[in-house]
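Colleague: Can you read through this structure? Questions will come right after.
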Amino acid sequence: MIVMDGEEFLTAQEACALLGVKPATLYAYVSRGLLESYRQGIKRMRLYRRDEIDRLTRLRRSDELEDGAHGVKGKEGDDSAWIPYV
């Protein structure tokens, strides 16, 4: 984690670990406007605000809870948590 001007930023690897997604999914979130990324210096490394990652984590958890409460099943008919493609 990197702190700049009192704000916490995460690397892509850290953000993926917290969200439980692969880097391609993280980049898809950025391209779809669900998350912003910030360039660190002149490098290609991108950073993600911790509060935005936490917001997405809460959204995913609430979706999982709602789906579980309504008995939504996966494609194969199992009861595993389902995350919609956004």
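A short reminder: the numbers here are calculations on the coordinates, not readings from a lab. Predicted model, so just to flag it, every value in this text is computed and none were measured. Cβ placement follows ideal geometry from the backbone for every residue including glycine, while neighbour counts extend to all protein chains displayed.
Colleague: Tally Lys and Arg at +1 and Asp and Glu at -1 over the other residues with C-beta under 13 Å from the C-beta of Thr11: what net charge comes out?
Modeller: With Lys, Arg at +1 and Asp, Glu at -1, the net is +4.
Colleague: Considering segment 2-69, what Rg and Dmax in Å follow from its alpha-carbon atoms?
Modeller: Over segment 2-69's Cα set, Rg and Dmax evaluate to 12.8, 47 Å.
Colleague: Using Cβ counts within 10 Å as a stand-in for footprinting exposure, how do Tyr29, Tyr48 rank, fewest first?
Modeller: Sorted ascending by nearby Cβ count, the order is Tyr29, Tyr48.
Colleague: Fewest to most neighbouring Cβ within 10 Å: what's the order for Lys43, Lys22?
Modeller: Lys43, Lys22
Colleague: Applying the Karplus parametrisation 6.51 cos²θ - 1.76 cosθ + 1.60 with θ = phi - 60° to the phi angles of segment 7-21, what ³J(HN,Hα) value in whole Hz is obtained for each residue in order, glycine and proline being reported as x?
Modeller: Whole-Hz 3J(HN,Hα) from phi for segment 7-21: 9, 8, 10, 10, 6, 4, 4, 5, 4, 4, 5, 5, 7, x, 10.
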